[in-house]
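Structure first, commentary second.
No lab work stands behind these numbers, since they all come straight from the coordinates. Nothing here was measured: the structure is a model prediction, and the numbers come from that model. Backbone-built Cβ (ideal geometry, glycine too); neighbour counts: all protein chains shown.
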Amino acid sequence: MAILVDDLAPPRRFSLVTAIRRNPTIAFGGLLLAALIVMAILAPVIATNDPFKIAPVNRLRPPSERWWFGTDQFGRDVFSRTVYGARVSLIVGLSVAAFSCLLGLALGLACGYFRRIDGLVMRVMDGLMAIPSILLAIALITLTRPGLGIVIVAIVIPEVPRVVRVVRAVVLSIRSQPYIESAIAGGTRNTKLLIRHVLPNTLAPLIVQSTYVCASAMLIEAGLSFLGAGVPPEVPSWGNIIAQGRTFFQIAPWTILIPGTFLAITVLAVNLLGDGLRDRLDPRLARRL
Amino acid sequence: MTAILEVRDLHTQFDTLDGVVRAVDGVSFELAHGETLGIVGESGCGKSVTALSILRLIPTETGRIASGSIRFEGEELTALSEEAMKRLRGHRISMIFQEPMTSLNPVLTVGTQIAENVVRHRGVPWRAARDRACEMLDLVRIADPRRRLDEYPHQLSGGMRQRVMIAMALSCDPRVLIADEPTTALDVTIQAQILDLMLELKEKTGTAIVLITHDLGVVAETTQRVVVMYAGRKVEEAPVEVLFEEPLHPYTRGLMRAIPRLDIEADLAGTRPRLQEIPGLVPILTRPIVGCAFAPRCGFATDRCRAEPPPIVDAGAGHTVACWEVERVRAAA
Amino acid sequence: MTAYIVRRLFAVLPVMAVVALFVFFLLRFAPGDPAAIIAGDDATAETIAAVRAKLGLDRPVVEQFAVWLWGLLHGDMGVSIFSNLAVTRVIAQRLEPTLALTLSTLIVAVGLAVPIGVVAAWKARKLVDRLVMGFAVLGFAMPVFVLAYILIYFFAVQWQLLPVQGYQPIGEGFWPFVQSLILPSVALGVTYMALIARITRASMLEVLQQDYIRTANAKGLATDRVLLLHALKNAAVPIVTVIGIGIALLISGVVITETVFNIPGLGRLTVDAVLKRDYPIVQGLILVFAAAKVMVNLIIDISYAFLDPRIRY
């Protein structure tokens, strides 16, 4: 007998294994990122040596049992410094993502919804976007004394316009929907409209965009530190470590290659997470298995 | 009349997340030279997939022709190389689709899209191909064809785009034209024009047409013979007058009854009868269907219907039905 | 069509206005007295006053902006604090290496990435596609300077095939010029290539799903014609868009690449100037880079009209 659509079995219960199999990118990126975050938090526990201790007698040793990734020209353990370096990158990445998304969300909602604000704010955003981010960040940083907070602010500013664009686009597209028009005609107040109808639709693209902002921020911070315009040199940031490794690169490549690889892996993890989320949350793209 | 196209026991399947979908589950029919054959059925019954299978346009990552034979002018199409199939498409067998809005390439001119077909299959230089394109536009009754050649699809109306599709399809004098719901997306008045145009061109060129539609009205006006499909299977086949006069399959009957009828007296009296729908839902095509596909919804179904697939019964005058209970159905009004 | 181009040209003005405002106020955002900053750390009160008068910093802000803008429109971007040379001259001197690096990277990156993306879309989900996607994901995550050092380590230090650093102007021989650019271009270009290949693939995949591709296949057209003419032309708009967006990546990357490879271009100049707080040069560079970016995007906007007839008519 032919089985009718009505007779379908009840939906299967949630299974972690299936979830992972269906979203391998999210799983992989997410787990990798989680591992790195754990590593950063547990840095004092994991680090085999004191990352700040200068011991010229041990300078430029190749990787060995005592110094898993060797030492730099001041005798500092590269592995320990790298592990601590994760803290800076992750803190910068996550804070920049958080702040720029909050700010971008507020601005994007305002722009998309209130026409009068839109024109002016978007021109400013376009102007900011015209300046390459690293230049903008460097220029902002050199206005004052460098420090972690300043670096975060200096990176947030070039990243905000992108988020604003994304949010604004969503708001504009929703705003033109007939059900919004009828809600307005029915007298629904603006704030309620924004919160109940517009905001939920912005969340998915916002989350995806936040991962890209996070990755970009980590790269910019590393670049800034590398150029000497980022966090102060005593603080072990991957960019700093690489910058300090430049002079002796040819004889001690591990000082650059190790932190570099960690940076690449972290950015990769965040990017994968972002891609996986995007495929999952944007139904239009998800169809393209 | 010998058949120009013979489809025998075609099985086309797709892989989905929920299993293998048997979109076409053992369909056979023939198309004679210069004949207009209608394939009718509701959405999802497999009629479009049948058409795509003939031209082997089923996307290969997820679908395949699992078994069966398709013979065109005696040649077995399922055995041909992809290169050989390409030479056939647009040339000896052409296809037009449902959505004229999206079926034409928006960044290429109308002239280019028709002419490239001619260049590809006839090997003539571009200039000559453009002349032929102009000829074709004239044939499909588009005014000022020379100018239209350099226009883009978005500059034309829906009806005109469908005419362009027809012009493109007929540009190399195909022997068979497969039209997959060509008028469904158009206004009713344009619909009539396009159908008339197709019939007129058929008279001129002698092309056989396979017309796929869910609209029984279109079938009645345009086709000579009809195949009725349900759940990937053929349930009835007959010359068009015979089908409308005496539909034998309960599904076909259900379809005919579901057509809203114009009854002015009942309207005025306020006693318009309720629309008759066919109770139940279509089967899931991922599970194998045991017995007759229509049995769960059929008023005449017996245990044998539910257990064994029905044979194709010859009811005379070119009329065949896939049913166990033909006599009972015939007896019932 | 001309109307479209003119409109696009006018849209550039407000953007550059914002950039100009930002650049102008940059100095004035700095805490402390701009004159003191410019005069230097150990300037006396008199020197600072003299600097202030000389640069007109005691005038009303609006007047200062007008004067500065006027000078700008006449090609005067001020004078470097450190070298006392005109900013325009300093920038012009360091332009060639950056231009060479950026152009070569652009050409190679686009020239390779687009075909790779097309092939990946065409052979979706097969091995080729997976390799391309893998490259795209890894390439995009790889920071420019890390890749640069990896390349230097293998190609320059270990295998000694290419120079570790430095730049040879084209005037001094074509082959050394090319050699000095290979590693920097690759380092700079990989991220860009990854982005372009990815978007090309995504855009092509979306286009290949469209009905008009089904029609093209139903006409039995040759595969390369379907891919390149029917599909790619439709996929072009997002690809070209991302090429423009990627220019921003290129410019940021140039700064780092020139530092790593010790190329005496505008990127290195930026870093030096910023660290030394040579504000006139920083201002000039930001203007130049922003203008370049805006021009590129303008060209791309205009190209849309050629690619998609629906925009024209």
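Diffusion coefficient (Stokes-Einstein, Kirkwood radius over C-alpha pairs, 20 °C, 1.002 mPa s) for chain A: 99 µm²/s, rounded to a whole number. Which aspartates and glutamates, on any chain, are close to C:K233 with Cα under 12 Å apart, when same-chain ones fewer than 8 places away are left out? In chain and number order, the partners are C:D308. On the beta carbon distance between B:R127 and B:E265, with R0 = 51 Å, the FRET formula returns roughly 0.20.
Bridging of B:K234 to lysines at a Cα separation below 18 Å is possible for B:K47, once same-chain residues fewer than 8 apart are set aside. When the alpha-carbon atoms of chain C are used, the pair Rg, Dmax equals 23.7, 84 angstrom. Taking a ≥ b ≥ c as the square roots of the Cα gyration tensor eigenvalues, the stretch A:186-289 comes out oblate, since a/c reaches at least 1.5 and a/b does not exceed b/c. Taking 20 Å as the straight-line reach from the Cα of C:K293, the aspartates and glutamates in range (excluding those fewer than 8 positions away in the same chain) are A:D126, A:E159, C:E96, C:E258, C:D301. Counting beta carbons within 10 Å around each of B:L285, A:L33 and listing the fewest first gives the order A:L33, B:L285. A Cβ-based charge dipole, computed about the Cα centre of the protein assembly as shown with Lys and Arg at +1 and Asp and Glu at -1, lands at about 1700 debye. Legend: calculated FRET efficiency, C:A3 to C:F306, from the Cβ-Cβ distance at R0 = 22 Å, rounded to 0.05, equals 0.90. Divided by 2.2 N^0.38 Å, where N counts the residues, the Cα radius of gyration of chain B comes to 1.06.
A cut-off of 5 Å between modelled amide H atoms, ignoring neighbours fewer than 5 places along the same chain, links B:Y230 with B:V235.
Binning all Cα-Cα separations of the protein assembly as shown at 10 Å, short to long from zero, yields these whole-percent fractions: 2, 10, 16, 18, 17, 14, 10, 7, 4, 2, 0, 0.
For chain C, the longest principal axis of the Cα atoms and the long axis of helix C:127-141 meet at an angle of about 10 degrees. With R₀ fixed at 56 Å, the C-beta to C-beta distance from A:L281 to C:V62 puts the FRET efficiency at about 0.70.
Sparse packing (at most 14 other Cβ atoms within 10 Å of the Cβ) combined with a DSSP loop state is found for the following trypsin sites (Lys or Arg not before Pro) in the stretch A:109-189: A:R189.
Ranking C:Q165, C:A92, C:G117 by Cα position along the charge dipole of chain C, where only Lys, Arg, Asp and Glu carry charges on their C-beta atoms, puts C:G117 farthest toward the positive end.
Of the trypsin sites (Lys or Arg not before Pro) found in the stretch B:196-285, the ones in coil according to DSSP and having at most 14 other Cβ atoms within 10 Å of their Cβ are B:R261, B:R274. D by Stokes-Einstein for the stretch B:71-123, Kirkwood Rh over Cα pairs, 4 °C, 1.567 mPa s: 101 µm²/s. Three principal axis extents describe the C-alpha atoms of the stretch B:12-56; from largest down they are 41, 22, 15 Å. Neighbouring Cβ atoms from other chains, within 10 Å of the Cβ of residues in C:276-288, number 2 on average. Counting Cα-Cα pairs of the stretch B:203-333 in 10 Å increments starting at 0 gives whole-percent bin shares of 11, 37, 33, 15, 4, 0.
Would you kindly state the longest site-free stretch of chain A, with sites defined as GluC sites (Glu not before Pro) in a DSSP loop (not H, G, I, E, B) surrounded by at most 16 other Cβ atoms within 10 Å?
Answer from the scan: A:66-233.
Where in chain C is the longest stretch that carries no trypsin sites (Lys or Arg not before Pro) classed as loop by DSSP and with at most 16 other Cβ atoms within 10 Å? With trypsin sites (Lys or Arg not before Pro) excluded where exposed in loops, chain C gives C:127-275 as its longest stretch.
Please work out the Cα center distance from the stretch C:72-134 to the stretch B:106-176, rounded to the nearest Å. What the calculation gives is 43 Å, centre to centre.
Available extension along the chain between B:T302 and B:E241 is 19.0 nm, counting 0.36 nm per residue and deducting the alpha carbon span. Applying both filters, DSSP loop and at most 12 other Cβ atoms within 10 Å, to the chymotrypsin sites (Phe, Trp or Tyr not before Pro) of the stretch A:79-144 gives A:F114.
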